1. What are the residues in the range 105-122 that are surrounded by 19 or more Cβ atoms within 10 Å (Cβ to Cβ), more than 13 Å from the chain's Cα centre (by Cα) and more than 13 Å from ILE30 (Cβ to Cβ), if any?
2. Inside the range 123-140, can you point out the residues that are over 13 Å from ARG70 (Cα atoms) and within 14 Å of the chain's Cα centre (by Cα)?
3. Read through the list (1) in a helix (DSSP H, G or I); (2) modelled with pLDDT of 95 or more, then give the number of the only condition that VAL122 fails.
4. Just the residues that are in contact (Cβ under 8 Å) with a residue 60 or more places away in the chain and within 16 Å of HIS17 (Cα to Cα), please, taken from the range 117-133.
5. Within the bounds of the range 146-163, is there any residue that is at pLDDT below 95 and on the phi > 0 side of the Ramachandran plot?
6. Looking only at the range 26-80, filter to residues that are basic (Lys, Arg) and part of a loop (DSSP other than H, G, I, E, B); which one of those is farthest from ILE142 (Cα to Cα)?
7. Looking at the range 132-154, is at least one residue loosely packed, with under 14 Cβ neighbours inside 10 Å and either closer than 20 Å to GLY44 by Cβ or not aromatic (Phe, Trp, Tyr) (or both)?
8. So, in the range 1-59, of the ones that are among the acidic types (Asp, Glu) and crowded, with 16+ Cβ neighbours inside 10 Å, which residue ends up nearest to the chain's Cα centre (by Cα)?
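The values are calculated or read from the model by the stated rules, or taken from the named source; none is laboratory data. Please read these numbers as outputs of a predicted model, since none were measured by experiment. In this analysis, Cβ positions are derived from the backbone assuming ideal geometry, glycine residues included, and neighbour counts consider all displayed protein chains.
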Amino acid sequence: MDDDTKGLADERRRLLHELEVERKQLIRNIETCRIRDIERTFIGDWSLKDVVGHVASWEAEVTTGFRDLREHRHPKLLDFDEGELDLWNQDHVERKRDLNFWSILEQLRGGRHRLLEEVEQVSDEDLTDEPGVHYRMLHSVIDHDREHWHQIAARLAGMESARHTGPVSIPEETHTSS
């Protein structure tokens, strides 16, 4: 194995480790919440269940983006109209409102498994190419988990809000930087 190949493999492992660390922290913070936080307003206008459903919905979009790339299709996520972001978020939260919290939490866990299956099929070179679409999509999930676990941690600590940790949204992060 030459140095370039080893370096790409090391960077892949680092990215996947970061993905795992941020998700574990998100799950840990979710599990720290009280049962009463599941259905009542918790962060902004959303309950804990809404936040979990929101994260699961966006991860599903990114997973679809990886699948589209693998199947040589242009991911819709890359053309997402950021002006529609609040409407999209609210629509997807509403879709999950009647579901049981535990099934939504299971969707979050199952979604990660599906994402990892798609990521596994991406070459080290494509996944670690920092300006590349695979890298941006994977990093958007890392940052999204981090943003939401910070919000939950701040709420649990009795703080009004968390410090901003990165891009505002997954669509913002997946768009090509100018």
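1. Within the range 105-122, GLU118, VAL119, VAL122 qualify.
2. Within the range 123-140, TYR135, ARG136, MET137, LEU138, HIS139, SER140 qualify.
3. (1)
4. VAL119, ASP124, LEU127, THR128
5. yes
6. ARG40
7. No, the range 132-154 contains no residue that is loosely packed, with under 14 Cβ neighbours inside 10 Å and either closer than 20 Å to GLY44 by Cβ or not aromatic (Phe, Trp, Tyr) (or both).
8. GLU59
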